[in-house]
Structure formats: C-alpha cells, structure tokens
Amino acid sequence: MVKHNLNITKLQSSYLFPEVTKRKNNFLEKNPQAKLISLSIGDTTEPIPSPITTAMHDAALRLASKEGYEGYGPEQGLLELRQKITQQYYPKHINSDDMFINDGAKCDIGRLQMFFGQDVKVAMQDPAYPVYVDGSVLAGQTGDFCQTKEAYNDLTLLACTPKNNFFPHLSKLSNVDLIYFCSPHNPTGAVASKKQLEELVDYARKNRSIIIYDSAYAFYIQDSDLPKSIYEIEGADEVAIEVGSFSKLAGFTGVRLGWSIIPSKLKFEDGLSVKKLWIRFLSTVFNGASNIAQYGGLACMGPEGQSEIQKIIQFYLENARILKKAIDQKFQTFGNINAPYIWTYMGDQSSWDYFNLLLEKAHLVTVPGSGFGSNGEGFIRFSSFGSRENILKAAERLQQL
Ligand code: PLP
C-alpha cells in the first residue's frame with residue numbers, strides 16, 4: 001500500500017478557481033436562462049495578433065519538413081528569444097545568459113518551490129496569488145493549517161491592506177528565507193514604488209533572503225515613474241529572482257510561455273551559485289518550452305508584434321477604467337489603473353456573500369477577495385479581461401445593482 005503525500009492533504013479546501021467554477025455551474029443549473037458575464041479568473045479573451053500566430057503557424061509547418069524539423073531545443077530556451085526579451089524589458093540590468101525560458105510563470109513558481117526544498121522559511125503578501133501559499137504547502141515549507149489562526153503554521157503572511165497602502169511593514173518581519181513579491185499585485189492591482197522596492201531589496205540584502213519577484217503584469221504599468229522590474233533597484237541582482245510571463249502580455253495563457261531570471265550573482269548561504277544549481281535541477285525536471293511557442297514569443301518581440309500586443313494591453317486597461325468608473329459609484333476601489341484587476345471593498349460581510357450577491361443579482365462571476373488570503377475578506381476582485389460588449393454590460397449591471 002502506498003502512503004499518500006501528506007503535504008497534499010494539508011491543503012485547505014479546493015483551489016480557489018475550481019470553487020468559483022463550481023458555484024457558477026450550480027447557479028447555471030438552477031438558472032439556465034441567466035446570461036452570466038465572467039469578471040473572474042484572469043484569463044485573456046482577445047485573439048492573439050496575426051503576426052504572432054503566423055510565426056507559430058510557420059514554425060509548426062517547418063516541423064513537417066526534414067530540413068526544418070527541430071527536436072529538443074537549447075535547455076535555457078532560444079538564445080535569440082532570451083536576447084530579445086532582455087533588450088526589450090531589461091536593457092540595462094540583465095544578461096540574457098541569466099534568463100531561462102519556461103512554459104509559463106506558474107510552472108516555474110512550482111519548480112522553484114521544489115528547488116528550494118522544505119527547509120526554507122517563506123513569506124508572502126496577503127492577499128496573494130494562491131499558488132504561492134499552496135505551492136509552499138506542497139513543497140513541505142509550511143506547518144499544518146491552524147484553524148484558529150486561519151493560516152498555515154510557519155508561513156509568514158505580510159498584510160497588504162488599504163491601511164498600509166498595500167505595501168507590507170517589513171520592519172516587523174522576522175528572519176525569512178524566501179519572500180514572494182508580486183507587482184503589479186494580483187489581486188489588489190497595487191504597484192510598488194521605487195522607494196518601496198528599495199526597502200524590500202534592502203531587507204533581503206541585510207537578512208540574506210531571496211525575493212521571488214513576480215512581474216507577470218509589469219506591462220500594464222502606465223505610470224512612468226513606477227518600476228517594471230525588481231532589477232531597476234540597485235543590488236537586486238544579488239537577492240532576487242524574477243518571473244515573467246507572456247500570458248497577460250500577449251494572450252499566451254493557452255500557448256504557455258514565460259521566463260525566469262536567476263542572476264549569476266545570487267548565492268546560497270554557503271556561497272554556492274543559485275543559478276548553477278538551478279541549471280542542474282532544471283535539466284532533470286524540465287525539457288524546455290515548446291519551440292512553436294518560442295517562435296511566437298520571438299514574433300511578440302519584433303516591432304509589429306510589440307505594437308499589436310500594446311494595443312491589446314491598452315484595450316484591457318480601457319476595460320478596467322470602464323469597470324472602475326461603474327464600481328466607484330457604489331463601492332470603494334483603490335489606486336490608479338496599472339493592472340487588469342480592480343480590487344473593491346464591498347463591506348463588512350464575507351467576500352463569498354458578495355460573490356453570491358453579484359452572481360445572483362447581477363449575473364456577474366467575480367472572485368471573492370478572501371480566496372487570496374484573510375486580508376482579502378470583504379473584498380471582491382473584478383477582472384477586466386473580456387470583450388468590450390461584456391464589460392459595458394457588466395458596468396451597466398453594476399450601476400443598477
Ligand atoms: N503570476 C501571477 C501573479 C498571476 O496572476 C498568474 C496568472 O494569473 C501567473 C503568475 C501565471 O502565469 P502563467 O500563465 O505564465 O503561468
């Protein structure tokens with residue numbers, strides 16, 4: 001008889017998004033006529049621009065010929081793609097040699113959790129993208145779930161609320177090894193300022209911690225004085241890993257492509273190079289991103305691809321403005337729009353109550369803030385991914401609520 005992995009049964013209830021889908025489906029079963037609009041899971045809706053799909057189509061066709069066929073690619077990903085991403089987004093700060101192309105940010109976050117093993121102490125923003133908590137539990141980096149605290153033992157949650165402007169009080173943080181930090185932040189949409197990131201990097205340098213910086217939404221930042229990468233902060237390359245993604249950049253949520261940056265300067269406490277061990281680890285558990293997806297990624301980095309994907313990002317940001325304007329008439333939202341999410345304080349009832357209310361009274365599917373952590377209680381996350389028609393209808397329904 002095989003024993004099950006105890007870390008899996010430590011996980012609380014189901015993962016957030018399957019629970020949202022379950023409730024939506026239950027509602028639809030009872031109300032089959034309802035025309036639901038989804039403002040829930042952050043999934044892109046607009047077609048991938050044709051210069052990019054053409055590049056993937058051509059890459060697929062090349063595989064059908066003897067001369068064009070390619071099998072396993074370079075382990076770190078296509079050199080040209082790494083160089084283009086570096087030139088485009090990290091021109092001053094990063095060497096393409098420190099970049100690893102992957103099959104999406106979530107996949108590498110999971111692999112990083114396995115890579116660091118169970119003996120690390122972990123901290124993260126609360127609320128946060130649920131994968132940080134659940135993945136840490138799966139990797140055995142936390143204790144059991146404590147019902148009274150409503151949190152896992154041995155896991156540090158850094159409250160991000162309107163009171164601290166969604167940036168945690170690092171002075172109260174006791175020694176931790178890994179700090180997950182997401183900016184623009186899913187779910188609150190908050191973007192850390194340069195000064196705040198300096199504080200974070202400073203903390204990590206003093207305490208010899210490693211930051212796992214998730215920049216999946218960096219391209220949505222509109223305020224030019226806000227940093228788009230942790231490496232804009234001096235010294236960050238000694239303490240930070242950055243994870244990026246083509247998902248919200250170019251609608252690659254289904255295509256699957258992203259990257260991680262593990263700077264050569266990053267070291268473990270015994271002086272071993274993190275990058276060197278990562279290469280050893282990665283070559284065991286991963287065989288590289290799809291070559292078709294990588295050629296699509298290359299097309300995104302060309303001038304035509306860049307101009308097309310910028311148009312789509314602007315489209316989602318305009319959706320966000322429309323939604324925010326409607327929501328602001330009834331509830332409290334926060335910050336400027338530098339992300340495709342609108343974090344809304346609904347009131348002092350539970351987030352799931354508000355989720356049900358929006359589902360039943362406005363036929364809107366949203367995400368309850370509490371699903372991202374206890375500091376999300378009372379909040380709802382509205383996603384601005386959707387057709388303009390649906391977003392306008394959703395705005396109207398919100399105004400009538
Ligand atoms: N990081 C954050 C903060 C996200 O919100 C998401 C997806 O919603 C991801 C990572 C996952 O990105 P990918 O599709 O590249 O796995």
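Read-outs throughout are calculated quantities, based only on the coordinates presented, and are distinct from any laboratory measurement. Not measured: the values here are computed from a predicted model. Every residue, glycine among them, receives a Cβ derived from its backbone with ideal geometry; neighbour counts consider all protein chains shown.
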Checked against the positive end of the charge dipole of the chain (+1 on Cβ of Lys and Arg, -1 on Cβ of Asp and Glu, about the Cα centre), the farthest of 335, 211, 55 is 335
Rounded to the nearest 5, the percent of antiparallel DSSP beta bridges in the chain equals 50 percent
As straight-line cross-link partners of residue 195, the qualifying lysines (C-alpha separation under 20 Å, not fewer than 8 residues apart within one chain) are 92, 163, 172, 206, 228
Once the mean of 1/r over all distinct C-alpha pairs in the chain is inverted, the Kirkwood radius in Å reads 22.0 Å
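Using the Cβ atoms and a cut-off under 11 Å, what net charge is assigned to the surroundings of residue 215, where Lys and Arg are +1 and Asp and Glu are -1?
Working: positive: 228, 248; negative: 214, 232, 242.
Combined, the nearby Lys, Arg, Asp and Glu give -1.
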With the 8 Å Cα cutoff and a minimum separation of six or more residues, the range 53-170 has a relative contact order in percent of 16 percent
Rounded to one decimal in Å, the inverse mean reciprocal Cα-Cα distance for the range 294-401, i.e. its Kirkwood radius, is 14.9 Å
With the range 235-294 reduced to its Cα atoms and the Debye formula applied, log10 I(q)/I(0) at q = 0.12, 0.28, 0.29 1/Å amounts to -0.38, -1.11, -1.14
Along the dipole axis of the range 132-187 (charges at Cβ: +1 for Lys and Arg, -1 for Asp and Glu; origin at the Cα centre), the most positive-end residue among 182, 142, 165 is 165
Mean Cβ-within-10 Å packing, highest first, puts peptides 185-197, 71-83, 236-248 in the order 236-248, 185-197, 71-83
A correct fewest-to-most ranking of 355, 17 by other Cβ atoms within 10 Å would be 17, 355
Once the in-chain neighbours fewer than 8 apart are removed, the lysines whose Cα is under 28 Å from residue 24 read 10, 35, 106, 248, 324, 325, 330, 361, 393
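Given the peptides 91-98, 333-340, arrange them by the average over their residues of other C-beta atoms within 10 Å, most packed first. Could you put the intermediate results ahead of the total?
Working: 91-98: 15.2, 333-340: 20.9.
Highest-to-lowest ranking by the protection proxy: 333-340, 91-98.
What value does the range 106-245 have for Rg/Rh, both radii from Cα atoms and Rh as Kirkwood defines it?
Working: Rg = 14.2 Å, Rh = 15.2 Å.
Radius of gyration relative to Kirkwood radius: 0.94.
Compute, for the range 29-89, the length of the dipole vector about the Cα centre, with Cβ point charges of +1 (Lys, Arg) and -1 (Asp, Glu) only. Units Debye, rounded to 20. Kindly include the intermediate steps, with their values, before the conclusion.
Numbers: 6 positive and 8 negative charges, 30 e Å.
For this selection, approximately 140 debye.
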Across all Cα atoms of the range 207-247, Rg and the largest Cα-Cα distance (Dmax), in Å, are 11.1, 33
Residues 313, 279 in order from fewest to most other beta-carbon atoms within 10 Å are 279, 313
Quick calc, residue 147 & residue 353: beta-carbon distance into FRET formula, R0 25 Å, rounding 0.05, result 0.75
One computes Rg over Rh for the range 60-138 from alpha-carbon atoms, with the Kirkwood Rh, and obtains 1.10
Burial-style ranking of 297-308, 163-174, average other-beta-carbon count within 10 Å with highest first, yields 297-308, 163-174
Straight-line reach check, residue 276, cutoff 17 Å on alpha carbons, 8 or more apart in-chain or any other chain, hits among lysines -> 265, 267
